[in-house]
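Enquirer: Can you keep this structure in mind? I'll have questions shortly.
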């Protein structure tokens, strides 16, 4: 029986959905995230969601959510069948060197294209389409050796020239060239070997070859497609599925690539259909119209995990993506005072936030930009919930400088406005006045880009490999939205980028986390794990296998692979 | 007719010029939408130059008009697809959706209006009026979500989302559009029924109706043969306006049912500051609105001969 509060919450969600239609219909942003888990995603740039987290034990997560199969032998995949996948939004096209993809675009891209590298189960980038990708001693030159005999769907060979053409297209792109910013020269040593020289040491080069968000340089498209102005409407890759047809905003169909360089995919065909409204997407899944979709809604994830017990649904929890967060502009008063920033963090009882988001048991508290179970996590002086301590800090500030008052911005989604009101109430308890400002997403982005913000619900920072946060933490990128800079952080971020050894990099990022925990330019309020929800008879979503037979990382953010998916008969 | 064409042209110029200026006033930046926020200042400047974004607004508008009169609506900034081609892919879906919703609305509204008008103030009239009020007061998105929950998820009679092109079979096509059309139609049912009921009640009081009754005509014959035509002018006017308005007003339903129509296209264009795509959509909506109102105007003369003769006398 639905309780009154549950009904009210549902009504609020319905209203939020209606109000969020406009944002949702633009594609790429997840209304689920808007409504329940990641206010951040709605306001962050599309290319800033998390890269995989090397420290996340994804295998363990999958094991905890998989149907009980301890007694029965593992079912063997069978070929055949077709599925329809519900996507969060539509893409502008499918040229990896031209079209900036949100997670939905990457899901389609993983079907059509392969990337030079991919993440293994531990989150470490390993060669995928390439046979090897190796640096020299100081990571100023990398050698990419391709596997022999791989061809694109149009018959063109995948060789060093094809890789160079793809990299060159990225370097020629105003919006993507920073992905390969340190590449200085490319030399085809032989048909299958490309040497890439860097202008500075670049230990994390392989990360940008993984074909994830912010790493589109890794996807390999056929040179003929790159040369075709309409190539994005007729994508040609080396992937497990071959593009057939695309009707924008309606559907995109791919069929199995029987000449695939690995074991061919099991499914005969896949149809991707964008369903921007999260309620409709869930309804489509519940009605059986789609067999797979992703959601960040903790409420829905909990519901489907319960159904998984009955075998009607398969849930694969993804690796931790960018957490929920609040961004301070440390350049303006009163946020320029670290006491105020610490007090605002200490005033937040995250459990109240999780209750509102229906994320109790799914969301986890954060003590920095990386989840506590992340390989990259380091202890810091990040404060715990302490309203008395917060009040004392605010009293001290008020006595010196006067009342603490600021604008607290978010978008116009009523669900999120109520979420902001929770913060507002907790801050009011310590004597702080936060004036909620609701603006369109584009206005919020403009405000942050121009430094006109004070406090805002934000996202896209943290969660994955810390190198992706270079642009946000380093002083010289123009994207340090908090305005907090320090030579210590700059040096550590530069070292973290240059070094190749994960442990050595981790030491550098610990320095960054300790300073962030001390200076508090952000409040990180909870983890985000998007989940792939599959029909009970759709298996293999949790089993992305690498060419050497070892497991890869199946779900990253809202991105997953269909290579090993199959339908039980 | 030539006067109407001139009026259409004037409306087109006014609306497209207004939308051009209004979009330029919106916060946000086209270049950011196209290149992302990480593009360098040099690249942003280059893009602005390529897209002529720094040109004076009148010049940009004149350039666009120059292309539009030759059928070239430009290229979408964001998708690089010709706008005319993109509109061609979407307008059919929206027109079919709107047409079907209007047919459903009229099919439900006319009997409701007639039943109410025959016995004004009766329990049936009051019940129908209450039902219409409820239809009018229920937001379309709630109707849509309820229809999906009942007929698609619970009963499984329809697909929850998606559009089947008419080329894949008329039945499948209509089936894919029935729930969204119904969601759009319910609000219109109430409006149409109330307008027609009021006009029918007035008509029933006319001398020629009393004359027909005195001659012993059945109620059905009186309604269909004598009362309906003169009572339909208000309905036809309202339907014409509604039809035209809905061509650009289906975004909620298109989003909920994931239909690849003009509404979603327009909202995408607004959100991404895609001037070219938006201008194309505005032209289609404006032409559609004006043409449908002209059609409604012409129908007045067909419905009521007195209007025809008045127009002839005026000439």
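Enquirer: In region A:374-402, which residue that is out of contact with any helix residue (DSSP H, G or I) (no Cβ under 9 Å at 6 or more places or on another chain) and not in a helix (DSSP H, G or I) is surrounded by the fewest Cβ atoms within 10 Å (Cβ to Cβ)?
Expert: Only one residue tops the list, namely A:402.
Enquirer: Out of (1) closer than 16 Å to residue A:335 by Cα; (2) buried (at least 17 other Cβ atoms within 10 Å of the Cβ); (3) touching a strand residue (DSSP E or B) at 6+ places or on another chain (Cβ under 8 Å), what's the single condition that is false for residue A:412?
Expert: (1)
Enquirer: Give the number of residues within region A:419-457 that are surrounded by fewer than 16 Cβ atoms within 10 Å (Cβ to Cβ), modelled with pLDDT under 90 and at negative phi.
Expert: Residues flagged as surrounded by fewer than 16 Cβ atoms within 10 Å (Cβ to Cβ), modelled with pLDDT under 90 and at negative phi within region A:419-457 amount to 2.
Enquirer: I need a count of the residues in region B:81-130 that are in contact (Cβ under 8 Å) with a residue 40 or more places away in the chain and outside any helix (DSSP H, G or I).
Expert: So the answer is 1.
Enquirer: Would you check if residue B:241 is surrounded by fewer than 16 Cβ atoms within 10 Å (Cβ to Cβ) and under 19 Å from residue B:185 (Cα atoms)?
Expert: On the way: surrounded by fewer than 16 Cβ atoms within 10 Å (Cβ to Cβ): yes; under 19 Å from residue B:185 (Cα atoms): yes.
So residue B:241 passes the test.
Enquirer: Would you be able to say whether some residue in region A:258-278 is buried (at least 22 other Cβ atoms within 10 Å of the Cβ), farther than 14 Å from residue A:535 by Cβ, at the interface with chain B (Cβ under 10 Å from one of its Cβ atoms) and modelled with pLDDT under 90?
Expert: Step one: list which residues in region A:258-278 are buried (at least 22 other Cβ atoms within 10 Å of the Cβ), which gives A:265, A:267, A:270, A:272-278.
Now narrow it down to the ones that are farther than 14 Å from residue A:535 by Cβ: A:265, A:272-278.
After this cut, where a residue has to be at the interface with chain B (Cβ under 10 Å from one of its Cβ atoms) as well, the list is A:273-277.
Filter again for modelled with pLDDT under 90, leaving A:276-277.
Among the residues of region A:258-278, at least one is buried (at least 22 other Cβ atoms within 10 Å of the Cβ), farther than 14 Å from residue A:535 by Cβ, at the interface with chain B (Cβ under 10 Å from one of its Cβ atoms) and modelled with pLDDT under 90, which makes the answer yes.
The rows are residues; the columns are (1) without any contact (Cβ under 8 Å) to a residue 40 or more places away in the chain; (2) in contact with a helix residue (DSSP H, G or I) (Cβ under 7 Å, 6 or more places away or on another chain); (3) over 28 Å from residue A:445 (Cβ atoms).
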position: A:481; (1), (2), (3): no, yes, no
position: A:488; (1), (2), (3): yes, yes, yes
position: A:499; (1), (2), (3): no, yes, yes
position: A:517; (1), (2), (3): no, no, no
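Enquirer: Still on this structure, I have one more. Give just the number: which of (1) part of a helix (DSSP H, G or I); (2) at pLDDT 80 or above; (3) surrounded by 11 or more Cβ atoms within 10 Å (Cβ to Cβ) does residue B:55 not satisfy?
Expert: (1)
Enquirer: State whether one or more residues within region B:227-235 are exposed (fewer than 14 other Cβ atoms within 10 Å of the Cβ) and farther than 20 Å from residue B:136 by Cβ. I'd like the intermediate steps shown before the answer.
Expert: So the first thing to find is which residues in region B:227-235 are exposed (fewer than 14 other Cβ atoms within 10 Å of the Cβ), and the list is none.
The answer is no, given that none of the residues of region B:227-235 is exposed (fewer than 14 other Cβ atoms within 10 Å of the Cβ) and farther than 20 Å from residue B:136 by Cβ.
Enquirer: OK, next. Can you tell me which of B:200, B:224 is over 23 Å from the mean Cα position of the chain (by Cα), in a helix (DSSP H, G or I), modelled with pLDDT of 90 or more and farther than 30 Å from residue B:145 by Cβ? If you could, list the steps in order and put the result at the bottom.
Expert: Working: B:224 fails: modelled with pLDDT of 90 or more.
Result of the check over B:200, B:224: B:200.
Enquirer: In region B:259-268, is there at least one residue being at pLDDT 85 or above and in contact with a strand residue (DSSP E or B) (Cβ under 9 Å, 6 or more places away or on another chain)?
Expert: Within region B:259-268 (the criterion being at pLDDT 85 or above and in contact with a strand residue (DSSP E or B) (Cβ under 9 Å, 6 or more places away or on another chain)), the answer is yes, since at least one residue qualifies.
Enquirer: If you don't mind, there's one more thing I want to ask. Here is a check on your reading of the model: is residue A:201 farther than 30 Å from residue A:461 by Cα, buried (at least 20 other Cβ atoms within 10 Å of the Cβ), touching a residue at least 60 places away in the same chain (Cβ under 8 Å) and more than 14 Å from every other protein chain (Cβ to nearest Cβ)?
Expert: Judged against the criteria, residue A:201 is not a match.
The values are calculated or read from the model by the stated rules, or taken from the named source; none is laboratory data. These numbers were taken from a predicted model, which means no experiment stands behind them. Note that we place each Cβ from the backbone using ideal geometry, even for glycine, and neighbour counts take in every protein chain shown.
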